[in-house]
Amino acid sequence: MSRIVVFGAGGRAGVRVVAEAAGRGHEVTAVVRDPGRHPELGGARVKVVAGDVTDGGSVASVAAGHDVALQVAARLDVPSEEFYTAATRALVDGLGRAGVPRLVALGIGSLLEVSPGVRLADTPGFPADARAFSLGHAAELELLEASALDWVVIAPPPVFLDAEAARTGRYRFGDGRVPEAREGDPAFSYADLAVALVDEAETAAHRRVQVAVSY
């Protein structure tokens, strides 16, 4: 089994990633800003620690001794580009210092392409506030591409994910394009997103690329 450090463990994706990884027998370090606010993260194989994903020293400290890092943190009270730029720089620095070679990051579906070279976020009529948030993830990608990390960014469909649906274990990886919706498929769930993220942490099937995930 692996030792996995999860940044943003208290969020909707993070809670499910921690549970999925611990349920498979991995040793999980759940990183949050305030552990006292997240009693739901406790349990066997899970260690909850305070950390700051935007600080390289903090990243290095909490990530030391782990095999792989998962980045699912988000901040809505900080401009997106500011947060994701700071977080990615800190992860590249801190994981490098900690000797953690692999990063699996949660991306955003609006940066997937609708046609060759055209991202969904760049299409006419795309909401300005959503585009601004998407550009934070775009800055993240640029910094990862310039780094020496072994990374992958996994982008779910560009819709609201289902936070209530139970885990099915069903998903498929695509490429850099917005996945085509198949008739009868429900909204993609956070529970199955967690399955995909932990599978990728285990197998490292994709390297230094952004890929879509969907049903």
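The values are calculated or read from the model by the stated rules, or taken from the named source; none is laboratory data. A quick note: this is a predicted structure, and the numbers were derived from the prediction, not measured. In this analysis, Cβ positions are derived from the backbone assuming ideal geometry, glycine residues included, and neighbour counts consider all displayed protein chains. Please note that ligands, DNA and RNA were not included when accessible areas were found on the heavy atoms of the full protein model with its side chains. Shrake-Rupley method; radii C 1.70, N 1.55, O 1.52, S 1.80 Å.
The figures follow:
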{"item": "Condition check for ALA50: surrounded by fewer than 18 Cβ atoms within 10 Å (Cβ to Cβ), farther than 21 Å from TYR190 by Cβ and modelled with pLDDT under 95", "result": "no"}
{"item": "The stretch 162-180, residues that are hydrophobic (A, V, I, L, M, F, W, C), outside any strand (DSSP E or B) and surrounded by 15 or more Cβ atoms within 10 Å (Cβ to Cβ)", "result": "VAL178"}
{"item": "Pairs where the first residue, in the stretch 61-77, is within 20 Å of ALA204 (Cα to Cα) and surrounded by fewer than 21 Cβ atoms within 10 Å (Cβ to Cβ) and the second is at pLDDT below 95 and small (Gly, Ala, Ser), C-beta under 6 Å, 6+ apart", "result": "ASP67/SER2"}
{"item": "Qualifying residue in the stretch 102-121 (condition: open to solvent by 60 Å² or more (accessible area, probe 1.4 Å), in contact (Cβ under 8 Å) with a residue 24 or more places away in the chain and assigned to a loop (DSSP other than H, G, I, E, B))", "result": "no"}
{"item": "Condition met for ASP185 (open to solvent by 20 Å² or more (accessible area, probe 1.4 Å) and modelled with pLDDT under 95)", "result": "yes"}
{"item": "Any hit, the stretch 198-208, residues being β-branched (Val, Ile, Thr) and either open to solvent by 70 Å² or more (accessible area, probe 1.4 Å) or modelled with pLDDT under 95 (or both)", "result": "yes"}
{"item": "Scope the stretch 1-26; condition over 15 Å from ASP162 (Cα atoms), of a type in the set (A, V, I, L, M) and either open to solvent by 40 Å² or more (accessible area, probe 1.4 Å) or assigned to a loop (DSSP other than H, G, I, E, B) (or both); matching residues", "result": "MET1, ALA9, ALA19"}
